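Each remark here refers to the structure printed beneath this line.
The values are calculated or read from the model by the stated rules, or taken from the named source; none is laboratory data. Quick caveat: nothing in here was measured; it's all calculated off a predicted structure. Quick reminder, even Gly has a Cβ in these numbers, built from the backbone with ideal geometry, and neighbours come from all protein chains shown. Quick note on the areas: whole protein, heavy atoms, side chains included, nothing else; ligands and nucleic acids left out. Shrake-Rupley method; radii C 1.70, N 1.55, O 1.52, S 1.80 Å.
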Amino acid sequence: QSDAYNITQKLVHEIINHYTETDFDLEQAYGLVPLSKEHLRKLFIKEHGISPSKFLLQKRLTLAKQLLANKEDGYLRINEIAETCGFNDHAYFCRVFKKETGLAPNEFKLHLLEDNKIYPTPSKMNK
């Protein structure tokens, strides 16, 4: 493995370990590596094919999709899902989710329900 890969892994691990925290600061994570932010960003893109901020966003949106699709967690409110995924502003979460998926979170969930990919549990339906 290249030196660049090893250097960028510090940032990858920091993102993976903290992406669900609403106060996670990617700028502080950059500070963990003794390179300029721009140089580290370029190395990250070279090694991983996406920017660190895009990687962080993908991690958060992947979790959001899982929570929206999970029949046990399927009744979480959108603001709860947003916070669980590290977004401190649910309106921003909804905008980003729609931009990246083409559907608002509620539409995404409805689409899954219509395709029978989510099966509400009877106990939750009666609440």
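Laid out as a table, the results:
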| quantity | calculated |
| --- | --- |
| Residue tally, condition touching a residue at least 40 places away in the same chain (Cβ under 8 Å) and of a type outside the set (S, T, N, Q), over the range 1-17 | 6 |
| Verdict on C94 being within 11 Å of the chain's Cα centre (by Cα) and not aliphatic (A, V, I, L, M) | no |
| The range 76-85: number of residues that are open to solvent by 40 Å² or more (accessible area, probe 1.4 Å), in a helix (DSSP H, G or I) and under 26 Å from E114 (Cβ atoms) | 3 |
| Where G31 falls short, out of the listed (1) in contact (Cβ under 8 Å) with a residue 24 or more places away in the chain; (2) farther than 26 Å from F108 by Cβ | (1) |
| Only listed residue being among the aliphatic types (A, V, I, L, M), out of contact with any strand residue (DSSP E or B) (no Cβ under 6 Å at 6 or more places or on another chain) and closer than 30 Å to N6 by Cβ, chosen from L103, L76, L68, L61 | L61 |
